[in-house]
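What follows is a short report on a single structure.
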Amino acid sequence: MDGMEEHETEQAPAAATQDAPTRSSPANRFTAAVGPWLDRALLNVRVWLPALRTPDLKSRQVKYRARESRTAMTWKIGLPRQCWQCAATEGLVSRKFSQEIRSFEAPTNILGGTWGAAALLLLIWIFFGIAWSLRLALLIAAGGLVALWIKSWQERVRVTVWSCAEHLDEMPCPEAVSYDEDLYLYVPSEQLAEVARAELIASRKKEGKHLPEPRAEKAAATRDRERAEDRAPPPPSPIITRDELPPLKLAGDEEETP
Ligand SMILES: [Zn+2]
């Protein structure tokens with residue numbers, strides 16, 4: 001395609017870019033350092049616990065599967081060829097965002113177990129004032145975070161986003177969370193997410209025609225179920241007592257009766 005440029009943008013940690021020289025008070029520096037980290041943690045928690053996802057977040061979500069979009073530890077995502085902002089399809093420029101994200105194994109189990117125990121110990125401290133239970137609660141909560149970190153790894157996410165010349169400068173990097181063999185990508189607009197989801201469904205349908213395995217699996221499952229039913233005793237047939245039977249009328253009855 002003519003007139004298309006490509007930019008590769010390495011996404012630096014947000015803390016570094018937001019640290020403007022004018023903000024130099026310790027409180028501001030603390031916010032600049034911790035804020036992006038907290039945002040990131042909150043986004044992860046929202047992916048781990050779907051109940052916490054806001055409607056806005058859900059509307060901008062596109063979910064990619066690892067077996068379709070990940071090779072080794074790198075996700076490669078191409079968003080629909082339309083401007084991320086105004087949906088224009090002419091005079092597009094693409095930009096490639098590359099970011100490293102941390103993926104966690106079974107975060108809900110680890111945090112649920114350790115923080116649940118810590119909460120119980122905290123309650124014991126509140127109601128009975130046993131000093132060691134507070135210390136133990138803090139220790140277990142910290143241990144949970146350490147375990148979470150140990151069971152985590154880095155993944156790279158490369159996303160290609162398209163833009164018209166007008167909106168190129170404001171183009172944000174889509175946020176991504178990798179969890180349980182899926183990549184949750186949050187794109188800048190709801191409209192773009194809708195188109196991306198439709199493209200995914202269409203490509204899966206096309207793939208489905210080439211790959212008959214799921215159908216074969218389903219057929220095998222049906223066969224197994226039928227076999228199981230064959231072995232099982234037949235369902236009891238409804239018992240009809242003699243009284244309930246309607247009076248039998250044979251074809252010749254009426255002619256024979258006077
Ligand atoms: Zn545009």
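The values are calculated or read from the model by the stated rules, or taken from the named source; none is laboratory data. From a predicted model like this one, the values you see are computed outputs, not experimental measurements. Note that we place each Cβ from the backbone using ideal geometry, even for glycine, and neighbour counts take in every protein chain shown. We work out accessible area using only protein heavy atoms, side chains counted, and drop any ligands, DNA or RNA first. Shrake-Rupley method; radii C 1.70, N 1.55, O 1.52, S 1.80 Å.
Criterion applied to S69, S152 was being among the small types (G, A, S), touching a residue at least 24 places away in the same chain (Cβ under 8 Å), within 19 Å of D180 (Cβ to Cβ) and crowded, with 17+ Cβ neighbours inside 10 Å, and the one residue passing it is S69. A single entry from S163, S178, S152 fulfils the requirement of being of a type in the set (S, T, N, Q), modelled with pLDDT of 95 or more and over 22 Å from Q61 (Cα atoms): S152.
Filtered by the rule that a residue be open to solvent by 10 Å² or more (accessible area, probe 1.4 Å), touching a strand residue (DSSP E or B) at 6+ places or on another chain (Cβ under 8 Å) and away from the ligand (no atom under 16 Å from the Cβ), region 161-197 gives C173, E175, Y179, E181, D182, Y184, R197. Of all residue pairs spaced 6 or more apart or on separate chains, those with beta-carbon atoms under 9 Å, a first member in region 87-113 that is more than 16 Å from the ligand (Cβ to nearest atom) and of a type in the set (D, E, K, R) and a second member that is open to solvent by less than 40 Å² (accessible area, probe 1.4 Å) and outside any strand (DSSP E or B) are R102/N44; E105/L148.
When region 72-86 is examined, which residues are found to be within 16 Å of the ligand (Cβ to nearest atom) and either acidic (D, E) or surrounded by fewer than 16 Cβ atoms within 10 Å (Cβ to Cβ) (or both)?
Quick first cut of region 72-86, residues within 16 Å of the ligand (Cβ to nearest atom) only: 79-86.
Listed by number, the residues that qualify are R81, C86.
Inspect region 116-133 for any residue being touching a residue at least 60 places away in the same chain (Cβ under 8 Å), open to solvent by less than 50 Å² (accessible area, probe 1.4 Å) and within 28 Å of the chain's Cα centre (by Cα) and give the result as yes or no. No.
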